[in-house]
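Enquirer: Take this structure first; my questions come after.
The values are calculated or read from the model by the stated rules, or taken from the named source; none is laboratory data. Here the structure is a predicted model, which means the values were calculated and not measured. Cβ coordinates were reconstructed from backbone atoms using ideal geometry, including for glycine residues, and neighbour counts include every protein chain displayed. The protein model used for the area step is the full one, side chains on, heavy atoms only, and it has no ligands, DNA or RNA in it. Shrake-Rupley method; radii C 1.70, N 1.55, O 1.52, S 1.80 Å.
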Amino acid sequence: MTIRQLTNEPQQGPRAGAVSSEGSFDLWHYLAVFRRRWWLIVTTTIIALGAAWWSQRGQLPEYTAEVLLQQLPDEASMSPWGYYFSPDMGSHLDIMRSGEVLSPVVDSLGLQLRFKNYEDQRTRILGSLMADRGIRPSSYRLVARGDDLALLAAREEGVLATGSVGEPLEGPGFTLRVTDASGIEQDEPVEFSVHNFDMALESLERRLRIEQGTGPDLIWIRVTNPDAAHAADVVNTVAHSYQRHRARSARDAAGRRRQFISAQLGQMADSLHVAQQGVIDYQARTLYDPNTEDSAVISELLAVDASLREFGYQESLLSGLVAGLQTSGENDQALQQVMALGSDLVPQGPELNRRLQDFQLRRAELTASRFGLTSEGPQVQVVDSLIAETKAQARLAAEQALQLLRNRIREERGRYNQLAGRAGSLPVRTAEYGQLQQRVEAVQGVFDQLVTRYFEAQIAEGVEVGDIDIVAPAAVPVWPDRSYRTLNLMVGLIAGLLVGLVGTLLVDQVDSRVRRLQDAERATDLEVVGTIPNIRSLASGSAWPQIGKEAFRKLRTHLRFAGAKEPPRLISVTSATPRDGKSTVAANLALTLADQGAPTLLMDADLRRPQVHTTFDIDQSPGVSDILLGEASVAEAVRISADILHILPSGRGVENPTELIGGPGFEELLEELRERYEYVIMDTPPLMAVTDAALVGAATDGTLIVVRANRTDLGVLQAAVSQLRRLRVPLLGLVLNGVPTGRSSGYAHYASYYPSYATGGDGEVQKKRPLLRSGRKGQKTG
């Protein structure tokens, strides 16, 4: 495997391999995130589970009582005109929650008293309570002392009242009567509070669940309470209170209707008398009934009109036929139609038609055969003359019939005009009489309806039951409601886990530190050429140290194939910020290159805070600064460690390290070292602290940037790489240091192989060079 060729230009576009790698390790990344912040997940889970348990702590079993109501049609709600008005179901629900309905419930059940313990024994202990409505809310205790009871204030030692069971106990603003004290323990008194009326009313309204049933006229009332009997008492009392409220409202409405109708009846009686007197006066004036005369005249007029219509049709028919006979001459078809009209229109028509048909038949017999007579024959001419005479008689008869019909039409029209004149004077008298009768009928109808409504309102006023029926009264619940304690605990557990997991992911998203190699590659557009496990977590004497050494061997392999023509020889190692492990990486990389037999020099180019001499336990001076100042030679300053690695420490401290490194002497030193060694590994200062690393990197073949996993900030790393690119420093890539040795890092499978690598063929353990760790002064490499 090769890494990207050395270049000063950033690589363009995302790398497909990085994306694929990221997709492959997303699951393990998230698992690593959860493992890294397991404490947050455990904490939120414990808090949520504790909150769920605390909310269920000491909770008593609860019972739900319910009552079913039905709205009945209420005749008392009928208007005087017969319309039925009823409030909708939403109005019923609102009225049931009103103080008008719930106030009697609070008074009758003593709901101004609220138990703090013994909530499931309220019905058995409390007999009655009478309290002032404006009482100041206070807490009290009820202590059983043998057969006697003592009433005490909650925060005072003085006794307010004493008495036996069944006797009233007087408190400030209230009177309490206990019916049974057998369940009150000596060391646990009954604790209760007395509230003002408005607070008790609001509390009852919150506890009531009033809902519409499956039918449009059904209502459910439900209450849940630890005392089953008390729950049943509450819903039954609410139902009866609403029933009484509806009955009272119906009686009041009926009374108001009765009074209104009574006043209207007096007015309508006067109006009826006036209307009836008007009819009597009209009949006395005219002495007859216009309706009877109108009916006779109109019937006769209609009969005459029908006759005129029929005569007009007959006239049009005869006129057309006569006109046809006069214009067509010998028109046999028109003649036959005239004669076929019958004796009603043409009296001689049937006889003439029969004679004409006989003559025409006779003529046909004479001329039909082959040997028959011709038109010129005497017999034929006689028959033809008879036919012509018959036709002339038929025409004359039709004309006479038409004249008679016209005379009758004139007579009927005269009669019609006479009847129409008589009928024209009748509408005025008829309309006047009809108006008088209609007025009497209208007033009489309203009067009768008001009388009916008056008696209905009078009956409804005396009825005590309204339009609400209690279909199913509430019985005392036998079985408690379903407990959701286990479910709530499970919900709390799941909610805590989800909050912890989501919180962990959110923290991870806002955390800008390098977590994965893909993060560093995307931020810098550089490849990660090496991943170094967390050396501090590697237990000595196990196979895990071999994993660290193998990581540096892989880094060495990457560097050998890094160059386009030859691998880089002068390599600077730096980091974006301090304590990223650059010195440790530089030292172990140099040792790994030296183990391969290549002449290798580890050079400490950090003249401000050198670490190499501490790691290998050698003197700091003479070193790089001494050589650059001309106070020592390379041969005098270089030390040898473990017979394979040459080390050039930083030298004595100077005040101007940047000027020394940026001067020509440093480049000459590097050229000399290039001639002496195959590899020169240089430890340099952090990039964001000083500019020394950039100066050193510009004079080398390439720079490795060490990034510590879970510590280095991505923004800082990106700024450091941008700084090197602006100075055209050749970059070899990133080294991800301090990678956790969990499964997500990819090192988990190495442990099964390295025991065999650590032994020879006969089982004897081979001697291996220990891995250098940062911060361990005095560690030698031998």
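Enquirer: Among Val706, Ala598, Thr615, which residue has its Cα positioned farthest towards the positive end of the charge dipole of region 578-714, with +1 placed on the Cβ of Lys and Arg, -1 on the Cβ of Asp and Glu, and the dipole taken about the Cα centre?
Expert: Most positive-ward Cα: Val706.
Enquirer: Applying a 10 Å radius around every beta-carbon, put 512-525, 704-717, 403-416 in order of their mean neighbour count, most first.
Expert: 704-717, 512-525, 403-416
Enquirer: I would also like to ask the following. For region 588-706, with only Lys/Arg (+1) and Asp/Glu (-1) charged at the beta-carbon, what is the dipole magnitude about the Cα centre, in debye rounded to 20?
Expert: Here region 588-706 has a charge dipole of around 260 debye.
Enquirer: When the chain is fully extended, how far beyond the present Cα-Cα distance does Ala442 get from Arg652, taking 0.36 nm per residue of separation?
Expert: 62.6 nm
Enquirer: Which order, highest average first, do 583-591, 254-262 follow once you tally other Cβ atoms within 10 Å for each residue and take the mean per peptide?
Expert: The peptides rank, most packed first, as 583-591, 254-262.
Enquirer: Taking a cut-off of 13 Å between Cα atoms, list the aspartates and glutamates near Lys549, but don't count ones fewer than 8 places away on the same chain.
Expert: Asp595
Enquirer: For a Förster distance of 51 Å, can you work out the FRET efficiency between the beta-carbons of Val297 and Ala269, rounded to the nearest 0.05?
Expert: 0.85
Enquirer: If you roll a 1.4 Å probe over region 566-700 with all protein chains in place, what percent of the accessible area is carbon or sulfur?
Expert: Within region 566-700, the accessible surface is 45 percent carbon and sulfur.
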